[in-house]
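The values are calculated or read from the model by the stated rules, or taken from the named source; none is laboratory data. The model shown is predicted, which means the values in this text are computed figures rather than measured ones. Counting neighbours? That spans all protein chains shown, and the Cβs are built from the backbone with ideal geometry, glycine included. Accessible surface areas use protein heavy atoms only, side chains included; no ligands, DNA or RNA. Shrake-Rupley method; radii C 1.70, N 1.55, O 1.52, S 1.80 Å.
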Amino acid sequence: QLQLVESGGGLVQPGGSLRLSCTVSGMILDYYTIGWFRQAPGKEREGVSCISSSGGSTYYADSVKGRFTISRDNAKSTAYLQMNSLKPEDTAVYYCAAVPRLIITVQAMCRRTTNTKYDAWGQGTQVTVAS
């Protein structure tokens, strides 16, 4: 059974940093494209950053470019999202998702508005940026 578990969220002041982790089980991470998404109350889901199975290709939403860094350690079955220079508008529930690498490209994964039938999602972790 595929399972993704996010961790690392919390309350941070503007300008601060957090590192989110997404630990997976029940699958070999090497075979999956990973994405980080967020959703704030009353807003649509946003694809924040996505990374290819090898880590060689990444995508970032314009809103986080230069501030967030996505990475993965397939040996540890974990993907990460390093978030620096956080702003109040980054406040949201952050989710990680995995889709088989042959099904979707990195860019398409982040830009999509609907899920594939192969999607696996975590339960989300709250990130709150406030002073």
**Message:** Looking at the range 4-30 only, could you name the residues that are closer than 22 Å to Arg112 by Cα, open to solvent by 50 Å² or more (accessible area, probe 1.4 Å) and modelled with pLDDT of 95 or more?
**Reply:** Val5
**Prompt:** Pick from the range 103-119 the residues that are among the aliphatic types (A, V, I, L, M) and buried (at least 19 other Cβ atoms within 10 Å of the Cβ): which of them is farthest from Gly15 (Cα to Cα)?
**Reply:** Ile104
**Looking only at the range 120-131, and only at residues there that are open to solvent by 30 Å² or more (accessible area, probe 1.4 Å) and out of contact with any Ser or Thr (no Cβ under 8 Å at 6 or more places or on another chain), the one that is farthest from Cys22 (Cα to Cα)** = Ser131
**Request:** Within the range 86-95, identify whether any single residue is outside any strand (DSSP E or B), of a type outside the set (Phe, Trp, Tyr), exposed (fewer than 14 other Cβ atoms within 10 Å of the Cβ) and in contact with a Leu (Cβ under 8 Å, 6 or more places away or on another chain), and answer yes or no.
**Result:** no
**Request:** May I ask you to verify whether Ser54 is open to solvent by 60 Å² or more (accessible area, probe 1.4 Å) and not in a strand (DSSP E or B)?
**Result:** yes
**Asked** Take the residues of the range 31-51 that are touching a residue at least 40 places away in the same chain (Cβ under 8 Å) and not in a strand (DSSP E or B): which is surrounded by the fewest Cβ atoms within 10 Å (Cβ to Cβ)?
**Response** Glu44
**Asked** What about Ala98, is it loosely packed, with under 15 Cβ neighbours inside 10 Å and touching a helix residue (DSSP H, G or I) at 6+ places or on another chain (Cβ under 8 Å)?
**Response** no
**Complete:** Residues of the range 96-119 being in a strand (DSSP E or B) and either out of contact with any Cys (no Cβ under 7 Å at 6 or more places or on another chain) or of a type in the set (Lys, Arg) (or both), in sequence order, are Ala97, Ala98, Val99, Pro100
**Asked** Mind checking which residues of the range 57-70 are under 22 Å from Gly10 (Cα atoms), in a strand (DSSP E or B) and not β-branched (Val, Ile, Thr)?
**Response** Tyr60, Phe68
**Request:** Would you confirm whether any residue within the range 74-82 is touching a helix residue (DSSP H, G or I) at 6+ places or on another chain (Cβ under 7 Å), on the phi < 0 side of the Ramachandran plot and either crowded, with 16+ Cβ neighbours inside 10 Å or β-branched (Val, Ile, Thr) (or both)?
**Result:** yes
